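Worksheet: one structure, shown below.
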Amino acid sequence: MMDDDQMLNLLKAALGPDAPPELERDLWPRMRARLDRPPQPAAWLDWALLAASVAAVVAFPRIMLGVLYHL
């Protein structure tokens with residue numbers, strides 16, 4: 001087990017001497033703006049999942065029994 005001093009020394013060694021000790025700016029306004037934006041639909045992902053599902057049913061028709069069982 002490591003104590004806090006050892007962990008601090010390892011982190012300092014990994015980050016190097018040029019690492020800033022604090023953030024250069026506040027990240028909350030950017031996060032708030034991102035949360036306020038409406039979600040962007042990924043239509044291509046929906047179609048890709050549908051196509052993969054149809055391909056799986058065509059390739060393995062008995063898989064539907066397992067899918068229906070788990071619903």
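The values are calculated or read from the model by the stated rules, or taken from the named source; none is laboratory data. Note that the structure is predicted; figures quoted are calculated from it, not measured. Because the Cβ atoms are built from the backbone with ideal geometry, glycine has one as well, and the counts that use them run over all protein chains shown.
From Asp4, Asp46, which residue is surrounded by 10 or more Cβ atoms within 10 Å (Cβ to Cβ) and acidic (Asp, Glu)?
Asp46
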Inset, instruction - Considering each residue of the range 38-67, count those that are charged (D, E, K, R) and over 18 Å from the mean Cα position of the chain (by Cα), and give that number. - result: 1
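Let's see how each residue does on (1) among the small types (Gly, Ala, Ser); (2) modelled with pLDDT under 85; (3) assigned to a helix (DSSP H, G or I):
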position: Leu10; (1), (2), (3): no, no, yes
position: Ala14; (1), (2), (3): yes, no, yes
position: Pro21; (1), (2), (3): no, yes, no
position: Met31; (1), (2), (3): no, no, yes
position: Pro39; (1), (2), (3): no, yes, no
position: Ala52; (1), (2), (3): yes, no, yes
position: Ala56; (1), (2), (3): yes, no, yes
position: Pro61; (1), (2), (3): no, no, no
position: Met64; (1), (2), (3): no, yes, yes
Inset, instruction - Scan (1) surrounded by 10 or more Cβ atoms within 10 Å (Cβ to Cβ); (2) aliphatic (A, V, I, L, M); (3) within 26 Å of the chain's Cα centre (by Cα) for the single condition Ala33 breaks and write down its number. - result: (1)
